[in-house]
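**Q** Mind looking over this structure? Questions follow.
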Amino acid sequence: MPSHKQWKYDLHPSVLMLRSVISGMKQKTGRSLDEWLAFVKKSGPRTQKERRDWLKKEHGLGTNYASWIAARSVGKGEAEDPQEYLKHAQDYVDHMYAGPKEHLREIYDAILTYAKTLGKDIGVSPCQTIVPIYRNHVIAQIKPATRTRIDLGLALKDTKAPKRLIDTGGFAKKDRITHRIEIAKLADFDNEARRWMKTAYDMDA
(Lines give C-alpha, C1' and ligand atoms only; values in the text may rest on other atoms or scores of the structure.)
Protein backbone atom coordinates (compact mmCIF):
# COMPACT_ATOMS: atom_id res chain seq x y z
CA MET A 1 0.00 0.00 0.00
CA PRO A 2 1.49 3.39 -0.93
CA SER A 3 2.18 5.84 1.87
CA HIS A 4 0.17 9.03 1.89
CA LYS A 5 0.86 12.41 3.36
CA GLN A 6 -0.38 12.80 6.92
CA TRP A 7 -1.94 16.24 7.09
CA LYS A 8 -2.39 18.33 10.20
CA TYR A 9 -6.11 19.10 10.25
CA ASP A 10 -8.07 21.88 11.94
CA LEU A 11 -11.08 21.75 14.23
CA HIS A 12 -14.30 21.77 12.25
CA PRO A 13 -16.26 25.01 12.87
CA SER A 14 -19.26 23.01 14.06
CA VAL A 15 -17.14 21.55 16.87
CA LEU A 16 -16.04 25.01 17.95
CA MET A 17 -19.61 26.31 17.77
CA LEU A 18 -20.99 23.43 19.79
CA ARG A 19 -18.27 23.83 22.43
CA SER A 20 -19.25 27.49 22.76
CA VAL A 21 -22.95 26.69 23.00
CA ILE A 22 -22.44 24.00 25.64
CA SER A 23 -20.07 26.11 27.74
CA GLY A 24 -22.58 28.98 27.82
CA MET A 25 -25.71 26.88 28.25
CA LYS A 26 -26.09 27.19 32.02
CA GLN A 27 -25.68 30.96 31.97
CA LYS A 28 -28.22 31.37 29.18
CA THR A 29 -30.78 28.72 30.13
CA GLY A 30 -30.32 28.13 33.86
CA ARG A 31 -29.11 24.53 33.43
CA SER A 32 -25.97 22.91 32.10
CA LEU A 33 -26.23 20.33 29.33
CA ASP A 34 -25.92 17.46 31.81
CA GLU A 35 -28.60 19.02 34.02
CA TRP A 36 -30.94 19.42 31.04
CA LEU A 37 -30.35 15.82 29.99
CA ALA A 38 -31.15 14.51 33.47
CA PHE A 39 -34.27 16.70 33.63
CA VAL A 40 -35.53 15.67 30.17
CA LYS A 41 -35.02 11.98 30.85
CA LYS A 42 -36.86 12.26 34.16
CA SER A 43 -39.71 14.61 33.27
CA GLY A 44 -39.88 14.99 29.50
CA PRO A 45 -41.90 13.22 26.79
CA ARG A 46 -40.72 10.00 25.17
CA THR A 47 -39.56 10.83 21.66
CA GLN A 48 -36.89 13.20 20.39
CA LYS A 49 -39.39 15.37 18.50
CA GLU A 50 -41.74 15.56 21.48
CA ARG A 51 -38.86 16.50 23.74
CA ARG A 52 -37.70 19.22 21.37
CA ASP A 53 -41.17 20.73 21.12
CA TRP A 54 -41.67 20.42 24.89
CA LEU A 55 -38.40 22.20 25.61
CA LYS A 56 -39.38 25.02 23.28
CA LYS A 57 -42.98 25.40 24.41
CA GLU A 58 -42.81 24.64 28.11
CA HIS A 59 -39.32 25.87 28.93
CA GLY A 60 -38.76 28.66 26.42
CA LEU A 61 -35.64 27.26 24.80
CA GLY A 62 -34.66 28.32 21.31
CA THR A 63 -34.70 25.87 18.45
CA ASN A 64 -30.95 25.16 18.54
CA TYR A 65 -30.80 24.49 22.29
CA ALA A 66 -33.97 22.41 22.23
CA SER A 67 -32.83 20.37 19.24
CA TRP A 68 -29.36 19.65 20.63
CA ILE A 69 -30.67 18.67 24.06
CA ALA A 70 -33.44 16.49 22.62
CA ALA A 71 -31.02 14.73 20.28
CA ARG A 72 -28.48 14.09 23.01
CA SER A 73 -31.20 12.81 25.32
CA VAL A 74 -31.95 9.93 22.94
CA GLY A 75 -28.32 9.12 22.21
CA LYS A 76 -27.96 11.09 18.99
CA GLY A 77 -25.99 14.16 17.99
CA GLU A 78 -23.14 13.51 20.37
CA ALA A 79 -21.00 16.59 20.75
CA GLU A 80 -17.51 16.07 19.33
CA ASP A 81 -14.69 16.45 21.81
CA PRO A 82 -12.00 18.53 20.05
CA GLN A 83 -9.28 15.96 20.60
CA GLU A 84 -11.59 13.15 19.50
CA TYR A 85 -12.46 15.03 16.33
CA LEU A 86 -8.82 15.63 15.46
CA LYS A 87 -8.01 12.00 16.18
CA HIS A 88 -10.77 10.86 13.81
CA ALA A 89 -10.12 13.43 11.06
CA GLN A 90 -7.37 11.36 9.48
CA ASP A 91 -9.57 8.26 9.73
CA TYR A 92 -12.33 10.04 7.80
CA VAL A 93 -9.89 10.72 4.96
CA ASP A 94 -8.41 7.21 5.03
CA HIS A 95 -11.89 5.69 4.76
CA MET A 96 -12.87 8.02 1.92
CA TYR A 97 -9.89 6.89 -0.12
CA ALA A 98 -9.86 3.22 0.75
CA GLY A 99 -10.27 0.31 -1.65
CA PRO A 100 -11.32 1.26 -5.19
CA LYS A 101 -10.90 4.99 -4.48
CA GLU A 102 -7.35 4.72 -3.17
CA HIS A 103 -5.87 5.83 -6.50
CA LEU A 104 -7.62 9.21 -6.04
CA ARG A 105 -5.58 9.95 -2.92
CA GLU A 106 -2.71 11.54 -4.87
CA ILE A 107 -5.19 14.03 -6.35
CA TYR A 108 -6.49 14.83 -2.87
CA ASP A 109 -2.93 15.42 -1.64
CA ALA A 110 -2.15 17.66 -4.62
CA ILE A 111 -5.25 19.80 -4.02
CA LEU A 112 -4.43 20.23 -0.33
CA THR A 113 -0.79 20.99 -1.11
CA TYR A 114 -1.95 23.84 -3.33
CA ALA A 115 -4.65 25.01 -0.90
CA LYS A 116 -2.03 25.43 1.81
CA THR A 117 -0.12 27.87 -0.42
CA LEU A 118 -3.11 30.21 -0.68
CA GLY A 119 -2.59 31.73 2.76
CA LYS A 120 -1.85 31.06 6.41
CA ASP A 121 -5.56 31.49 7.15
CA ILE A 122 -6.51 28.28 5.31
CA GLY A 123 -8.17 25.61 7.45
CA VAL A 124 -8.95 22.02 6.49
CA SER A 125 -11.56 20.06 8.46
CA PRO A 126 -12.53 16.60 7.19
CA CYS A 127 -16.06 15.26 7.51
CA GLN A 128 -17.05 11.68 6.79
CA THR A 129 -17.75 12.16 3.07
CA ILE A 130 -16.10 15.47 2.12
CA VAL A 131 -13.14 17.61 3.14
CA PRO A 132 -14.08 21.30 3.36
CA ILE A 133 -11.39 23.97 2.97
CA TYR A 134 -11.96 27.26 4.84
CA ARG A 135 -10.79 30.81 4.87
CA ASN A 136 -13.38 32.87 6.73
CA HIS A 137 -16.01 30.54 5.28
CA VAL A 138 -15.85 27.41 3.17
CA ILE A 139 -14.10 28.25 -0.10
CA ALA A 140 -13.81 24.73 -1.50
CA GLN A 141 -14.49 21.09 -0.79
CA ILE A 142 -12.91 17.86 -1.97
CA LYS A 143 -15.21 14.92 -2.53
CA PRO A 144 -14.44 11.50 -4.02
CA ALA A 145 -17.72 11.53 -5.94
CA THR A 146 -17.23 8.20 -7.72
CA ARG A 147 -14.59 5.49 -7.97
CA THR A 148 -13.06 7.33 -10.90
CA ARG A 149 -13.11 11.02 -9.99
CA ILE A 150 -12.93 13.72 -7.36
CA ASP A 151 -15.29 16.68 -7.47
CA LEU A 152 -13.56 19.89 -6.45
CA GLY A 153 -16.38 22.12 -5.23
CA LEU A 154 -15.81 25.87 -5.17
CA ALA A 155 -17.58 28.84 -3.58
CA LEU A 156 -17.78 31.27 -6.49
CA LYS A 157 -21.16 32.92 -5.89
CA ASP A 158 -22.85 33.82 -9.20
CA THR A 159 -19.64 33.78 -11.25
CA LYS A 160 -20.17 33.16 -14.96
CA ALA A 161 -17.79 30.36 -15.79
CA PRO A 162 -16.66 28.19 -18.70
CA LYS A 163 -18.26 24.81 -19.38
CA ARG A 164 -15.64 22.94 -17.40
CA LEU A 165 -16.77 24.71 -14.24
CA ILE A 166 -20.10 22.99 -13.60
CA ASP A 167 -22.85 25.02 -11.93
CA THR A 168 -24.13 23.03 -8.93
CA GLY A 169 -27.22 25.18 -8.46
CA GLY A 170 -25.77 26.17 -5.11
CA PHE A 171 -26.06 29.92 -5.60
CA ALA A 172 -29.82 29.70 -6.16
CA LYS A 173 -30.14 27.46 -3.07
CA LYS A 174 -27.89 29.80 -1.03
CA ASP A 175 -25.31 27.06 -0.55
CA ARG A 176 -21.65 28.00 -0.21
CA ILE A 177 -20.49 25.60 -2.93
CA THR A 178 -21.76 26.90 -6.26
CA HIS A 179 -19.54 25.20 -8.84
CA ARG A 180 -17.49 22.04 -9.24
CA ILE A 181 -14.66 20.77 -11.38
CA GLU A 182 -14.44 17.06 -12.15
CA ILE A 183 -10.92 15.72 -11.61
CA ALA A 184 -10.27 12.17 -12.75
CA LYS A 185 -6.48 12.26 -12.92
CA LEU A 186 -3.70 14.33 -11.44
CA ALA A 187 -3.23 16.29 -14.67
CA ASP A 188 -6.82 17.55 -14.39
CA PHE A 189 -5.80 19.63 -11.38
CA ASP A 190 -4.11 22.05 -13.73
CA ASN A 191 -3.43 25.78 -13.80
CA GLU A 192 -7.05 26.53 -14.67
CA ALA A 193 -8.36 24.56 -11.68
CA ARG A 194 -5.82 26.29 -9.45
CA ARG A 195 -6.86 29.72 -10.74
CA TRP A 196 -10.50 29.05 -9.88
CA MET A 197 -9.50 27.85 -6.43
CA LYS A 198 -7.47 31.03 -5.92
CA THR A 199 -10.50 33.04 -7.08
CA ALA A 200 -12.66 31.35 -4.44
CA TYR A 201 -10.03 32.18 -1.82
CA ASP A 202 -9.84 35.83 -2.88
CA MET A 203 -13.64 36.17 -2.89
CA ASP A 204 -13.73 35.24 0.82
CA ALA A 205 -11.35 38.00 1.94
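The values are calculated or read from the model by the stated rules, or taken from the named source; none is laboratory data. A quick note: this is a predicted structure, and the numbers were derived from the prediction, not measured. Cβ sites come from the backbone with ideal geometry, for glycine too, and all protein chains shown count toward neighbours.
**Q** Go through the range 1-100 and tell me which helices (runs of 4 or more DSSP H), entirely inside it, have 1 or more residues that are among the β-branched types (Val, Ile, Thr), closer than 30 Å to residue 145 by Cβ and in contact (Cβ under 8 Å) with a residue 12 or more places away in the chain. First the steps, then the outcome.
**A** On the way: elements: 13-23, 25-29, 33-43, 48-59, 63-73, 82-96.
In the range 1-100, the matching helices (runs of 4 or more DSSP H) lie at 13-23, 82-96.
**Q** Among 149, 135, which is touching a Phe, Trp or Tyr at 6+ places or on another chain (Cβ under 7 Å), of a type in the set (D, E, K, R) and surrounded by 15 or more Cβ atoms within 10 Å (Cβ to Cβ)?
**A** The conditions single out 135.
**Q** Has the range 2-15 got any residue that is under 30 Å from residue 202 (Cβ atoms) and in contact with a His (Cβ under 6 Å, 6 or more places away or on another chain)?
**A** For the range 2-15, residues under 30 Å from residue 202 (Cβ atoms) and in contact with a His (Cβ under 6 Å, 6 or more places away or on another chain): absent.
**Q** Oh, and also: Got a number for residues in the range 122-135 being assigned to a loop (DSSP other than H, G, I, E, B) and under 15 Å from residue 154 (Cβ atoms)? Before the answer, list the steps.
**A** Here is the first cut: in the range 122-135, the ones assigned to a loop (DSSP other than H, G, I, E, B) are 122, 125-130, 135.
The next check asks that each one be under 15 Å from residue 154 (Cβ atoms); those that pass are 122, 130, 135.
Of the residues in that region, 3 qualify.
**Q** Follow-up. Kindly establish whether residue 153 is in the same structural domain as residue 103 (by TED's automatic domain parsing) and more than 20 Å from residue 190 (Cα to Cα).
**A** The answer is no for residue 153.
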